[in-house]
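K.L.:
Shown below is the structure under consideration.
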Amino acid sequence: MTVMTRSANRALIAQALALVVAVVLIGVAVVLGLRAQSLRDDPALANRAQLDDAAVRQVTTEVSRGLAQVFSYDWSQPGITKAAADELLSGQAREEYDTLFASLQERAPDQKLTLSTQVQVAGVQHLTETKATLLVFLDQSSSRAEDEESSVSAAQLRVEAELDGRSWVITALNPL
Amino acid sequence: MTDGPDESTESSEDPVADSAGDPAEDAAGESAAAPELDGRPSVVVLGADDSAATSGRLRLGRWTLVVLAASIVAVVVAYLSWSRADDDPALARAELRDLAIIEGTAAVEAMNSMDYRDVEAGLEAWRSVTTGVLRDQLSAIAADERQLLADQGKIATGRVVEAALTELTDRTATMIAAVEVTVADKDPAQEPTVKRNRYSADLVLVDGDWLLENLGQVPVATS
């Protein structure tokens, strides 16, 4: 009787131990699985800036070129600037730009104003598949017919862009 | 699970008890024969128990093995998944990038801050965020220059409005920053002035911290 129960007990204990081990292992597996998931969901990874070199290059190049185009202006050929704005700006950036452009159109022909803009340096702050935020330092030189010298001014912009099809469109311009 | 072995041992015990004694003795013999029974049939019981136990162990063991194997597989799969996520070079790089922005920002702000009331603390803050030649230069600031900083009576406070990296390697980074410096005079009647600057900062990773190796304004092109 005692041997029997002892033996049966032993079987039960082995059984129970095995199940306890299994439960512990499953617990460890769940914890590891959750850890792995949280590592993959790390918001640091969601930002592709400095991670996806090709995408960083593309957005930097396109936004830089776009800014140079929309902030360059020749009083005798305003249509070029206007066309660039139509193609490269949208949303809030477009609305603000239109106000700026209207005032420029008013005084430019009298002053024979020419603006030339170049991007000094641009860095991507945040990048996803379809959205990007950049910090851009640009220089704008302006020349008027009456004064021979042209003046150069520096600007710092925080630029937001969205991927429209295959090219980036500027959606917000925030002077800093 | 405990039902199985119990039933089988009971049923194997009954025939032994029946054949051991008369039906008349049964009632009285049950208790009296108990020690004897305990000894003799124990072999049978042991055998019966053994087979029940082994077959039980096998039967239940099959399930246990399945559960055990499944849990081992689960642990291995989860471990591999975790170690791959943990070793992801992109994650390490992303964390390095975010740290460079945070520490680079703090360093640029420190370099644009100075309080005339405690020049030594200001210089110490400059030294603590720099490395290499820049740090040596800051350490070499002479006493008369320190006195000058104290005599000017200005409190400069730098604030990085926006910053972004333009380059990142395992141990170097280039950060650009739009900086706003507020300069207050010791004379409270004087309004603080605000200057806007744009900087490019070369950062180096030293013992896990990003330090400034070079800091310069991004000049306006004079073309």
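The values are calculated or read from the model by the stated rules, or taken from the named source; none is laboratory data. If you're wondering where the values come from, they're calculated on a predicted model, not measured in any experiment. Neighbour counts run over all protein chains shown; Cβ positions are idealised from the backbone, glycine included. The protein model used for the area step is the full one, side chains on, heavy atoms only, and it has no ligands, DNA or RNA in it. Shrake-Rupley method; radii C 1.70, N 1.55, O 1.52, S 1.80 Å.
K.L.:
Is there a residue being closer than 26 Å to A:LEU134 by Cβ, out of contact with any strand residue (DSSP E or B) (no Cβ under 7 Å at 6 or more places or on another chain) and hydrophobic (A, V, I, L, M, F, W, C) anywhere in the stretch A:17-39?
P.N.:
No, the stretch A:17-39 contains no residue that is closer than 26 Å to A:LEU134 by Cβ, out of contact with any strand residue (DSSP E or B) (no Cβ under 7 Å at 6 or more places or on another chain) and hydrophobic (A, V, I, L, M, F, W, C).
K.L.:
Tell me which residues, restricted to the stretch A:95-152, are among the hydroxyl-bearing types (Ser, Thr, Tyr) and in contact with a helix residue (DSSP H, G or I) (Cβ under 7 Å, 6 or more places away or on another chain).
P.N.:
A:TYR97, A:THR117, A:THR128
K.L.:
In addition: Pick from B:VAL160, B:VAL108: which is at pLDDT 95 or above, assigned to a strand (DSSP E or B), among the hydrophobic types (A, V, I, L, M, F, W, C) and buried (at least 17 other Cβ atoms within 10 Å of the Cβ)?
P.N.:
When all the criteria are applied, what remains is B:VAL160.
K.L.:
Here's another thing I want to ask about it. Taking the criterion of being assigned to a helix (DSSP H, G or I) and facing chain B (nearest Cβ under 7 Å), would at least one residue in the stretch A:43-59 satisfy it?
P.N.:
So far as the stretch A:43-59 goes, yes, one or more of its residues are assigned to a helix (DSSP H, G or I) and facing chain B (nearest Cβ under 7 Å).
K.L.:
If you don't mind, another one. Mind checking whether some residue in the stretch A:100-114 is within 20 Å of B:ALA221 (Cα to Cα) and in the same structural domain as A:ARG57 (by TED's automatic domain parsing)?
P.N.:
Yes.
K.L.:
So, one more: Just checking, how many residues over the stretch B:183-200 are open to solvent by 70 Å² or more (accessible area, probe 1.4 Å) and either within 18 Å of A:GLY123 (Cα to Cα) or within 11 Å of another protein chain (Cβ to nearest Cβ) (or both)?
P.N.:
Total satisfying the criteria: 1.
K.L.:
With assigned to a loop (DSSP other than H, G, I, E, B) and in contact (Cβ under 8 Å) with a residue 60 or more places away in the chain as the only criterion, which of B:ASP170, B:ASP187 stands out?
P.N.:
B:ASP170
K.L.:
Okay, next question. Of the residues B:LEU203, B:LEU138, B:LEU168, which is touching a strand residue (DSSP E or B) at 6+ places or on another chain (Cβ under 9 Å), more than 14 Å from chain A (Cβ to nearest Cβ) and open to solvent by less than 50 Å² (accessible area, probe 1.4 Å)?
P.N.:
On inspection, the qualifying residue turns out to be B:LEU138.
K.L.:
Another question, if that's okay. Out of curiosity, is A:GLY79 in contact with a strand residue (DSSP E or B) (Cβ under 8 Å, 6 or more places away or on another chain) and open to solvent by less than 70 Å² (accessible area, probe 1.4 Å)?
P.N.:
Criteria not met by A:GLY79.
K.L.:
Which is modelled with pLDDT under 95, open to solvent by 80 Å² or more (accessible area, probe 1.4 Å), in a helix (DSSP H, G or I) and in contact with a helix residue (DSSP H, G or I) (Cβ under 8 Å, 6 or more places away or on another chain), of B:ASP144, B:ASP151?
P.N.:
None of the other options fit; the residue is B:ASP151.
K.L.:
For the stretch A:129-164, what are the residues that are within 17 Å of A:ALA55 (Cα to Cα) and open to solvent by 50 Å² or more (accessible area, probe 1.4 Å)?
P.N.:
A:GLU129, A:THR130, A:LYS131, A:GLU160, A:GLU162, A:LEU163, A:ASP164 - these are the residues of the stretch A:129-164 that are within 17 Å of A:ALA55 (Cα to Cα) and open to solvent by 50 Å² or more (accessible area, probe 1.4 Å).
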